[in-house]
Each structure stands twice: as C-alpha cells, then as structure tokens.
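Q: My structure is below; once you've seen it, I'll send some questions.
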Amino acid sequence: MFHHSSKLQYPVRVEKPDPEFAMLLQQAIGGVEGEIRVAMQYFFQAMGARGDARIKDLLISTATEELAHIEMLGYAVALNLEGAPLSYQEASAKDPVVNAILGGMNPRHILSSGLAAMPVNANGMAFDMSHIYASGNVAADMLANVTAEATGRVLATRLYNLTEDKGMKDFLSFLIARDTMHQQQWLAVIEEMGGIGASLPIPNSFPPDGEATEHSYYCLNTSLDKPLPEGRWSQGPSYDGRGQFTAKQEPELLGDEPVLGNARPGSGAQQEQIGTSLPPDQPV
C-alpha cells in the first residue's frame, strides 16, 4: 500500500507561465526518458525481485519517489499553462500567428486536459509502457536503471537550459540532483553484490561449458576500409576476469551460405518458389 502527503516533495514555482515550456515538460512525464517510465520500471522490478530483500525495498522506495516527481511535474505543467489562450479570438489578439499554432503550445493541453498535464510526451503521444525493463535478473535491471536515470538526467539538464524562469530552474535543479543520486545508488547495488566484475557476464549463473568461450573476448572489425579502433575494448583483461580482450581485424566466416530450399505448397508463395507442378485444385 502507499501513503500520501498533501505537500510536495520540493517547491514548484513558475514566475512567468510559458505554455510552450509546458509542452516540453511533458517529455519528463510521459517521454521515454521520463518519470512514468522509471516509476513503473522500479515497481515491476520490485514485484519480481528475489534474493536480497533490501534491493526490493530500495526499488519500491525509489519507485514511490518517482511518483512524487510525476506529481510535481504535473503541477509545473499546469502552472506554465496559466493564462494560455482559450479561444481563437484570444490567441489572435495577442499574435496573428498563433491563430494557427497557439504560440507553439500543445493544443491538447486545451482540447483534452483543460490546461493541465497529461500522461504523454512532448509530442502528445501516450507512454505505452514498452520501455519498462524488468528482467528478473538484478544485475541486468540495475544497469537498465542506471541508463534510465542517465537519460533522465540528460533530459532534465536540457530542460534546465531551455528556460529562464527562476522557479523552473530551481525545481529542475532538484530533479537533476535526485537523478545524480539514483544513478549512483543503482551502481552501489552492483557494488554490494561484489562489483561489476563479479556480476559479469550477465547472467553469471550460466555454466561456462554452455558458452563457446573461444568467441567471448575478441572485438570484431567489420569495416572494409578502416582497421578496428584500438582501446580498452581490444586489449587487456576482460572485466569478468575470465579472459583477455583481443582484436580481430577480419571476421572469420565459419558458416555456409544459407539455402532454404523451395517454398511449401499452401504457404502463399509463387509457383516458381514452390518449384513443382501442382494439380489445379491444390492450394498455393
């Protein structure tokens, strides 16, 4: 169950409403980098978490905080929509251009929500949950969470740079700070499990005799006109401590050219694909 406070986690202030910025803020709510994504991702990871109960509790706690971020962003959108034009006459009286585009704002903020936030991205598309990653493998999930928080922080910094409103900058600075923590707390979970080396390869429970380990640690060049760029990925010990990174400048073609043979009668293929004479009543 959840408990709720009537107070926000952090103050949300807007000095000068900006309907266009309200549209941009929607990306932080319903975008692939947004708060709906991380809240649901952490919830579903928690509900399937097995093993160390502390990790499940951390996921639930952080998921709940992300709901608080959705709440704050929703108020930020509504505050930025204060004073937005509600009619053609009102819009065109301010600017002749906005009778077509309403000054760059999302028209659905008028048509669908009555000047309020929606569970959509900056283009007005609903977040469909297809980017919720909950694999049941805690190491894989933690790395997915670091990526989610990293891209979320990138978005928050871009939004910060796109506004001059002091209230919005203050609010976004808080979200940026929380993303800083969340990136590092998921890395700390991996460290708690012995570090990235102990976690790799994921899953680390798969027996080595089921892997063609002669192909596990070379970096493969597929360019026809450039050598493989050299770096940490092409030399030195592997991060799991089980091998040495090497570089292979040309692919070793171990397989044959695939030949599928003729199509089956009744598959909907052309007669030439099937390659046999069929009775007139035989389905193609």
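Q: Calculate, for Glu214 and Glu250, the FRET efficiency according to 1/(1 + (r/R0)^6) with r their C-beta to C-beta distance and R0 25 Å; round to the nearest 0.05.
A: Plugging the Cβ-Cβ distance into 1/(1 + (r/R0)^6) gives 0.95.
Q: Also, I was wondering about something else. Run down the lysines and flag those whose C-alpha is under 22 Å from the C-alpha of Lys7, throwing out any fewer than 8 positions away in its chain.
A: Here the lysines satisfying the reach criterion relative to Lys7 are Lys166, Lys169.
Q: Restricting to DSSP loop positions (anything but H, G, I, E, B) with no more than 16 other Cβ atoms inside 10 Å of their own Cβ, which trypsin sites (Lys or Arg not before Pro) remain in the stretch 172-270?
A: Arg242
Q: Along the positive direction of the dipole of the stretch 169-284 (beta-carbon charges: Lys, Arg +1; Asp, Glu -1; about the Cα centre), which of Thr180, Tyr217, Val259 reaches farthest?
A: Farthest towards the positive pole: Thr180.
Q: If you place +1 on the Cβ of every Lys and Arg, -1 on the Cβ of every Asp and Glu, and leave all else neutral, what size is the dipole of the stretch 19-197 about its Cα centre, to the nearest 20 Debye?
A: Magnitude of the dipole: close to 160 debye.
Q: Let me ask you something else. Only helical DSSP H runs with n ≥ 4 go in: add -39500 (n - 2.57) per run for the chain, normalise by residue count and round the 222 nm mean residue ellipticity to 500 deg cm²/dmol.
A: It comes out at -14000 deg cm²/dmol, rounded to the nearest 500.
Q: Between the stretch 132-167 and the stretch 8-22, how many Å separate their Cα centres?
A: 20
Q: Once Lys and Arg get +1 and Asp and Glu get -1 on their Cβ, which of Val14, Phe171, Gly231 lies farthest toward the positive end of the dipole of the chain?
A: Projecting each Cα onto the dipole axis, the largest value belongs to Val14.
Q: Angle, helix 53-80 long axis vs. longest principal axis of the chain, Cα atoms, 0 to 90°, nearest 10?
A: Once rounded, the angle reads 50 degrees.
Q: Got a sec to turn the phi values of the stretch 163-171 into Karplus ³J(HN,Hα) couplings, 6.51 cos²θ - 1.76 cosθ + 1.60 with θ = phi - 60°, whole Hz, x for Gly and Pro?
A: Per residue, the Karplus-derived 3J(HN,Hα) values read 10, 10, 6, 5, x, 5, 4, 5, 4 Hz.
Q: Using amide H atoms built in the peptide plane, which far-off residues or other-chain residues are under 5 Å from Phe245 H to H?
A: Answer set, sorted by chain and number: Gly236, Ser238.
Q: Separate question: What is the angle, in °, between the Cα long axis of helix 35-47 and the longest principal axis of the Cα atoms in the chain? Nearest 10 is fine, range 0 to 90.
A: Tilt relative to the chain: about 50 degrees.
Q: On to the next question. Per-residue HN-Hα couplings for the stretch 23-28, Karplus 6.51 cos²θ - 1.76 cosθ + 1.60 at θ = phi - 60°, whole Hz, x for Gly and Pro?
A: Working through the residues one at a time gives 4, 5, 4, 4, 5, 6 Hz.
Q: If you build a Gaussian network model of the chain, linking Cα atoms that sit under 10 Å apart, which residue out of Glu149, Glu164, Glu250 swings the most?
A: Glu250
Q: Of the listed values (1) 17.2, 51; (2) 26.7, 80; (3) 18.9, 64, grab the one calculated as Rg and Dmax of the Cα atoms in Å from the structure here.
A: Among (1) 17.2, 51; (2) 26.7, 80; (3) 18.9, 64, the one calculated here is (2).
Q: Apply 1/(1 + (r/R0)^6) to the Cβ-Cβ distance of Arg54 and Phe174, taking R0 = 35 Å, and write down the FRET efficiency to the nearest 0.05.
A: So the FRET efficiency works out to roughly 0.85.
Q: Take the Cβ-Cβ distance between Ser6 and Ile196 as r, set R0 to 41 Å, and report the resulting FRET efficiency rounded to the nearest 0.05.
A: Once rounded, the FRET efficiency stands at 0.45.
Q: I need to check one value: relative contact order of the chain, counting alpha carbon pairs closer than 8 Å and at least 6 residues apart, in percent.
A: 18
Q: Subtracting the Cα-Cα distance from 0.36 nm times the residue separation, let me have the gained length for Glu257 to Thr157 in nm, one decimal.
A: Gain on extension, Glu257 to Thr157, equals 31.1 nm.
Every read-out reported here was derived from the displayed coordinates using simple, explicitly stated rules and does not represent laboratory data. Keep in mind that this is a model prediction, so the values were computed, not measured. All Cβ positions, even for glycine, are placed from backbone atoms using ideal geometry, and neighbour counts span all protein chains on display.
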